[in-house]
1. Determine the percent antiparallel among the DSSP beta bridges restricted to the chain, to the nearest 5.
2. Students often forget the sequence filter, so: which aspartates and glutamates lie under 15 Å Cα-Cα from LYS321 once same-chain residues fewer than 8 apart are removed?
3. Please report the carbon-and-sulfur percent of the accessible area for segment 341-429; probe 1.4 Å, protein heavy atoms only, DNA, RNA and ligands left out.
4. Under a GNM of the chain (C-alpha, springs under 10 Å), which listed residue has the highest mean-square fluctuation: SER14, SER215, SER36?
5. Can you list the lysines whose alpha carbon sits under 29 Å from that of LYS141, skipping same-chain ones fewer than 8 residues off?
6. With a probe of 1.4 Å, find how much accessible area the chain has per residue, and write the answer as a whole number in Å².
7. Counting pairs of alpha carbon atoms under 8 Å apart in space and at least six apart in sequence, what relative contact order in percent does the chain give?
8. In whole Hz, what ³J(HN,Hα) sequence does segment 174-187 give by Karplus (6.51, -1.76, 1.60; θ = phi - 60°), x for Gly and Pro?
Amino acid sequence: MSTTERTPHTRTASYLAEPGEVSKVLLLYSGGLDTSVMLKWIQDEYAAEVVALTINLGQPGEDYDVVQGKALQLGAVAAEVVDAREEFATEYVLPAIHANAIYGLGYPLFTALGRPLIAKLAVRYAREHGCDTIAHGCTGKGNDQVRIEGTVATLAPELKVIAPVRGWQMGREEEIAYARANGIPIKGGAEQTPYSIDDNLWGRSSEGKWIEDLSHAPDDDVFQLVTRPEEAPDAPQVVTVGFEAGVPVSLDGERLGLVDLLERAAELGIRHGVGIVDHIEDRIVGLKVRDIYEVPAATILLTAHAELERLVCTIHQNQFKGELDRKWAYLVYAGLWWEPLRSDLDAYMDKVAEQVTGTIGLKLYKGSCRVVTRESPNAVYDAALATFETSGGLFSQQASPGFIELWSLQSRMAHRLRERAEAAGPGGA
Ligand code: ARG
């Protein structure tokens, strides 16, 4: 009996592969349980060859040789490992810094930024290896399926997609049983259920276990990256971040390439307990979810960038850009990296970034990250004008009352009209 007869179903999207169409699969392979089970399962279920692709976006502590060896051991015909940190930093994280990108008050989008790049590389390697299908390990409840499949459908209409986790109905226990039966090594032991982790050089998320219980305060063991603030050093540390035309170029005066700078900033934040976020989030697919985020580098760099940008822009630019920033973050969160509006917004942000040169000092102390100094040749600021004591030059205090009278004119007139209507009572003229 063919697989088609065993599992009859209609295609819900044109890009989904029917079993007969799958002969060589590019699998986005992390080395974890889901994608390791998939590597075997695809070979059995589709009688297809599998090429594994693992992408380094700066996940701390990952041993890529081990991941590659595991893929080959599980029957992959090829196992590619790509170091995409540089591209991730310059083409994805830097635009996010320019957009001060935070979704829903606390999430700096590290996963959302990584997925379009991962899927773009999957397309490139699928074509290179002559694959007809891309496979990923996303579930049917999350955002990542939207980001990955949206990217593949946009960049490679000829490629099909399979998402086995969405359909195979194996829970964690069944996956572990499948792994045992098929000689798939299980990392960390099957007994203790780990959190579901996703990370890269811009941050780390944990989901699952007690995190799904909204009334449960974080257990200490979830913080595997950032030092818990109560255990951070008693002495604060001031770090200065230098920017040139919107690009962070130095820490404490030392010039660094972007990847190194992001990793260094992360280390500083990690030491001082900076960047812990306990976040309720509105997913694309309708659900609310709670994530625990550890985002030390993002907290430091977004705080510094936003401060410097506010200093070099006018009130009108600042008000306008905040709206664009929010739109940018939502498009990226929602899996629409390739939407033309996103690059249109980037064009404006690039223009603003030309002015964003200077240095911001931040004090890191037991979980807090607070701006303490600012300096920029482009600051729209004049200490002589700002001082309370003197008047003169471009600012005449004597002119202020005239300004106030005109500034408040419409509001005063409207207020009086409303007062009259209220005094007349309902139905009154
Ligand atoms: N909620 C975040 C997002 O949607 C993080 C998701 C983490 N991804 C994961 N597969 N665990 O971007």
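The values are calculated or read from the model by the stated rules, or taken from the named source; none is laboratory data. Given the structure is predicted, the values throughout are model-derived calculations rather than measurements. All accessible areas refer to the heavy atoms of the entire protein, side chains included, with ligands and DNA or RNA removed. Shrake-Rupley method; radii C 1.70, N 1.55, O 1.52, S 1.80 Å.
1. 65 percent
2. Answer for LYS321, where 15 Å is the Cα cut-off: GLU307, GLU309, ASP344, ASP346, ASP350, GLU354, listed by chain and number.
3. 58 percent
4. The residue with the greatest mean-square fluctuation here is SER215.
5. LYS24, LYS40, LYS70, LYS120, LYS160, LYS187, LYS209, LYS288, LYS327
6. On the way: 21460 Å² over 429 residues.
Per-residue accessible area for the chain comes out at 50 Å².
7. 16 percent
8. 5, 4, 5, 4, 4, 4, 4, 5, 10, x, 8, x, 10, 6
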